[in-house]
Amino acid sequence: MRNKITIVGAGMVGASCAAWLAERELGDIVLGFDNLDAYLAGHPYFGATVGRVANRIGGAKFTLDGKEYLLAPNDGPNTLHGGIVGFDKVVWKATPLRTAAGPAVRFEYLSRDGEEGFPGNLRVRVTYTLTNDNALRIDYSFGRSRKWPEPEAAITAPAAEANWVRPAAPDFASSTSPRK
């Protein structure tokens with residue numbers, strides 16, 4: 001089994017990752033779906049690029065320089081993974097790339113000031129590369145138009161949600177899987 005990525009949409013990537021499940025048996029250890037319809041029907045962020053924040057902001061608000069920012073609550077009273085219309089639900093600009101490391105796709109998105117209640121413009125770039133040695137590499141970069149709360153990563157933390165299945169196999173701990 002060869003590792004592969006499937007571009008479902010700019011903020012959503014399906015992936016498979018092979019690992020030895022048992023002696024002489026390879027299996028996929030990434031949770032996800034086999035088709036686009038399943039992703040579009042709603043899911044727990046499988047393969048999603050989430051943001052502006054990866055995690056919850058309690059009470060869907062924060063204060064910066066004495067000003068309170070009210071965010072879009074989507075997890076009870078909290079903001080989860082960027083709000084109601086997080087990065088996984090917007091259209092990104094996609095550019096296919098040929099790199100020395102392997103084939104890649106670069107996604108770019110401009111999150112405008114006030115989107116989901118967050119201050120300032122935020123330009124995000126995510127590049128997915130399927131490397132020549134069969135690994136999935138994800139690179140993030142961003143630029144912002146104004147000051148952010150400290151630590152910066154608390155408010156600007158886009159991330160990919162990879163949900164891994166850890167198979168029960170005696171030799172798994174010694175395998176070359178991406179997560180141990």
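Which one is farthest from LYS67 (Cα to Cα), of the residues in the stretch 85-123 that are among the β-branched types (Val, Ile, Thr) and at pLDDT 90 or above? Filtering first and then ranking leaves THR99. Among the conditions (1) touching a strand residue (DSSP E or B) at 6+ places or on another chain (Cβ under 8 Å); (2) surrounded by fewer than 18 Cβ atoms within 10 Å (Cβ to Cβ), the only one that ALA104 does not satisfy is (2).
Remark: ASN55 matches the filter, which requires a residue to be of a type outside the set (A, V, I, L, M), under 28 Å from ILE138 (Cα atoms) and modelled with pLDDT under 90. Checking THR49, THR63, THR79, THR6 one by one, the residue that is under 23 Å from GLY102 (Cβ atoms) and at pLDDT 80 or above is THR49 and no other.
When the stretch 56-95 is examined, which residues are found to be out of contact with any strand residue (DSSP E or B) (no Cβ under 7 Å at 6 or more places or on another chain), in contact (Cβ under 8 Å) with a residue 60 or more places away in the chain and within 21 Å of ARG123 (Cα to Cα)? Selection gives LEU64, LYS89, VAL91.
Number of residues in the stretch 87-135 that are part of a loop (DSSP other than H, G, I, E, B) and touching an Asp or Glu at 6+ places or on another chain (Cβ under 7 Å) equals 4. For the stretch 27-74, residues that are exposed (fewer than 13 other Cβ atoms within 10 Å of the Cβ) and either of a type in the set (D, E, K, R) or in contact with a Ser or Thr (Cβ under 8 Å, 6 or more places away or on another chain) (or both) total 5.
The values are calculated or read from the model by the stated rules, or taken from the named source; none is laboratory data. Quick caveat: nothing in here was measured; it's all calculated off a predicted structure. Cβ sites come from the backbone with ideal geometry, for glycine too, and all protein chains shown count toward neighbours.
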